[in-house]
Amino acid sequence: MKKIALYPGTFDPITNGHIDILKKATEIFDHVVLAVAEDTGKNTQFSLDERKKLCTEATAQIERVKVDSFPGLVVDYAKKIGAVAMIRGLRAVSDFEYELQIALMNKQIDSGINTIFLVPDYKYLYLSSSLIKQIIRLGGVLDEFIPPCVGQALKAKTNNTDNC
Ligand code: COA
């Protein structure tokens, strides 16, 4: 039976750090569903459709990956797609407490879903979507950390805001 993993996140926007984790997950599982969460409690810069579109474009070359989005609880979505595990990236020790909380809470809601933590390559350890957004907004260049489509989308957002 094919093993499906779910890689959920806000992806506001997707970065090369996320893509690095995704590629590692495809080396372990037969299929990986990268799913953009609708309900994250975050005030996102990109709409759900925009985040999903950027994820689709940025991962188009990676085999055995499907991009989707989901409303409601991540464990319900995991069950719906028949995922055997949930993938989360663990960058630094500071991620651990938050990630453990999410993993344990998800396990409490549905004991059938296990979380697997993957560590990104060294160069992505200090990357986050918030930092990327801030640096691009202030005119910085981060080409090696974001897919080209994300760079363009962020610049377009910045220009639109400047014109308001
Ligand atoms: N490389 C670079 N950055 C990374 C990364 C990596 N490998 N892994 C995580 N990050 C960053 C993200 O960019 C993001 O940065 P930001 O906070 O500056 O935006 C941060 O780490 C975490 O974002 P993300 O990985 O997208 O996860 P999240 O914590 O925003 O999303 C969900 C968590 C989607 C899994 C959670 O909100 C959820 O499950 N929602 C559905 C509702 C639900 O079931 N809630 C109950 C959960 S217990």
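The values are calculated or read from the model by the stated rules, or taken from the named source; none is laboratory data. Being a predicted model, the structure only gives us computed values, none of them experimental. Ideal geometry is used to build each Cβ from the backbone, glycine not excepted, and the neighbour counts take in all protein chains shown. The protein model used for the area step is the full one, side chains on, heavy atoms only, and it has no ligands, DNA or RNA in it. Shrake-Rupley method; radii C 1.70, N 1.55, O 1.52, S 1.80 Å.
Things to note:
- Rounded to the nearest 500, the helix-only mean residue ellipticity at 222 nm of the chain stands at -14000 deg cm²/dmol, with each DSSP H run of n ≥ 4 adding -39,500 (n - 2.57).
- Share of carbon and sulfur in the accessible area of the chain stands at 53%, probe radius 1.4 Å.
- Available extension along the chain between Leu142 and Met105 is 9.9 nm, counting 0.36 nm per residue and deducting the alpha carbon span.
- Amide N of the stretch 114-136 lying under 11 Å from the label point, which is placed 7 angstrom from the Cα of Ala92 along Cα→Cβ: 125-128
- When only the Cβ of Lys, Arg, Asp and Glu is charged (+1, +1, -1, -1), the dipole of the chain relative to its Cα centre reaches about 140 debye.
- Sorting the Cα pairs of the stretch 109-164 by distance into bins of 5 Å, from 0 upward, gives 4, 15, 23, 17, 11, 9, 9, 7, 4, 1 percent per bin.
- A 1.4 Å probe run over the chain, with the rest of the protein chains in place, finds 58 Å² accessible per residue.
- Gap separating the Cα centres of the stretch 87-108 and the stretch 1-66, nearest whole Å: 17
- Highest-fluctuation residue, Ala85, Ala60, Ala25 considered, GNM on the chain with Cα pairs under 10 Å: Ala60
- Within a Gaussian network of the chain (alpha carbon springs, distance under 10 Å), most fluctuating of Tyr77, Tyr124, Tyr98: Tyr98
- Rg and Dmax [Cα atoms of the stretch 1-43; Å; Rg one decimal, Dmax integer]: 11.5, 39
- Those GluC sites (Glu not before Pro) in the stretch 1-51 that DSSP places in a loop and that have at most 15 other beta carbons within 10 Å: Glu38
- Among Asp30, Asp39, Asp95, the largest mean-square fluctuation in a Gaussian network model of the chain (Cα springs under 10 Å) belongs to Asp95.
- Note on Gln152 and Glu27: the model spin-label points, each 7 Å out from Cα along the C-beta direction, lie 3.0 nm apart.
- Links that overshoot a 25 Å alpha carbon limit, given the list Lys80/Lys155; Lys24/Lys107; Lys53/Lys133; Lys2/Lys123; Lys24/Lys157; Lys80/Lys123: Lys80/Lys155; Lys2/Lys123; Lys24/Lys157; Lys80/Lys123
- Rounded to 5, the percent of DSSP beta bridges in the chain classed as antiparallel: 0
- In whole angstrom, the chain maps to an equivalent ellipsoid with semi-axes of 27, 16, 16, each derived as √(5λ) from the alpha carbon gyration tensor and ordered largest first.
- Once the chain from Asp39 to Gln61 is taken as fully extended at 0.36 nm per residue, the excess over their C-alpha distance is 5.2 nm.
- Chain lengthening between Asn160 and Ser128 when straightened (0.36 nm per residue, less Cα-Cα): 9.3 nm
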